[in-house]
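Undergrad: Starting off with a structure, shown below.
The values are calculated or read from the model by the stated rules, or taken from the named source; none is laboratory data. Since the model is a prediction, treat every value here as computed from it, not as a measurement. Cβ placement follows ideal geometry from the backbone for every residue including glycine, while neighbour counts extend to all protein chains displayed. Side chains included, ligands, DNA and RNA excluded: accessible areas come from the protein's heavy atoms. Shrake-Rupley method; radii C 1.70, N 1.55, O 1.52, S 1.80 Å.
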Amino acid sequence: SYRRSGMFADLRRVTYFSLGIREFLRADLSDEALAARLRNDLATREERLLALLDAVVFARPRSPYLKLLHWAGIERGDLIALVRDRGVEGALARLRDAGVYVTADELKGRAPLARGSLSLDVRGEDFDNPLGPRGLSTITGGTSGEPLRVGLSITDLAEDIAYVRPW
């Protein structure tokens, strides 16, 4: 039962990773395509941030980020207005100033998420992106503390290349 479900979960992860390899091999990684991807990413970053927040924060009632936003008195409409009025960096700075941030120890589940009257016991998994890599995962070496599980997705590789490729 558990062993069987674990085997199926492993099979699913390997399948996602394998399908990602096929997609990666078909990706256009030319200088022109990567530059176009960067231009598009920059032009749509506000919309993509808001869509991500809708899917990962506002659609998940148990999200620690949602609890932080509520504690700070920031609703979805407020966040949309912040991003539209101040841009991504300005909105993020305003959120940080309002106490909507996560420390490294909180993110790793080593410390409770605590701001003023808010105190949440959190685990590292509480911050996982449900839209994140569905492929393989690995464990970090834990040189800065407890080892962490990190998702690996070959489909993210083409996107990462656009950001790290030397021009």
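Undergrad: Return one whole number: the accessible area per residue of the range 51-93 in Å², for a 1.4 Å probe.
TA: Per-residue value: 55 Å².
Undergrad: Along Cα→Cβ, 7 Å out, is where each label goes; now give me the distance between the ones at Thr44 and Ile161 in nm to one decimal.
TA: 1.9 nm
Undergrad: Next question. If I stretch the segment between Phe58 and Glu32 completely, what's the gain in nm (0.36 nm per residue apart, minus their alpha carbon distance), one decimal?
TA: Full extension of this stretch gives 5.8 nm more.
Undergrad: Moving to a separate point now. Classify the range 1-80 as rounded, prolate or oblate, taking a ≥ b ≥ c as the square roots of the eigenvalues of its Cα gyration tensor: rounded when a/c is under 1.5, otherwise prolate if a/b is larger than b/c and oblate if not.
TA: Here the range 1-80 falls in the oblate category.
Undergrad: Can you tell me the length gained on complete extension of the stretch Ala111 to Asp97, counting 0.36 nm per residue apart and subtracting the Cα distance?
TA: So the extension gain works out to 3.0 nm.
Undergrad: Here's a follow-up. Using a 1.4 Å probe on the protein heavy atoms, what percent of the accessible area of the range 13-54 belongs to carbon and sulfur? Numbers along the way, then the final one.
TA: Details: 1700 of 2930 Å².
It is 58 percent, rounded to a whole number.
Undergrad: Go through the range 35-86 and name the GluC sites (Glu not before Pro) that are in a DSSP coil and have 13 or fewer other Cβ atoms within 10 Å of their Cβ. Mind showing how you got there, number by number?
TA: Numbers: sites: Glu46, Glu47, Glu75; in loops: Glu75.
Answer by residue number: Glu75.
Undergrad: Please label the shape of the range 1-134 as rounded, prolate or oblate, based on the square roots a ≥ b ≥ c of the eigenvalues of the alpha-carbon gyration tensor (a/c under 1.5 means rounded; beyond that, a/b larger than b/c means prolate, else oblate).
TA: oblate
Undergrad: How far apart, in nm, are two points set 7 Å out from the Cα along the Cα-to-Cβ line at Leu11 and at Glu23?
TA: 2.2 nm
Undergrad: While we're here: Can you compute the modelled spin-label distance between Asp128 and Arg86, with each label point 7 Å from Cα toward Cβ, in nm?
TA: Label at Asp128, label at Arg86, 3.2 nm between them.
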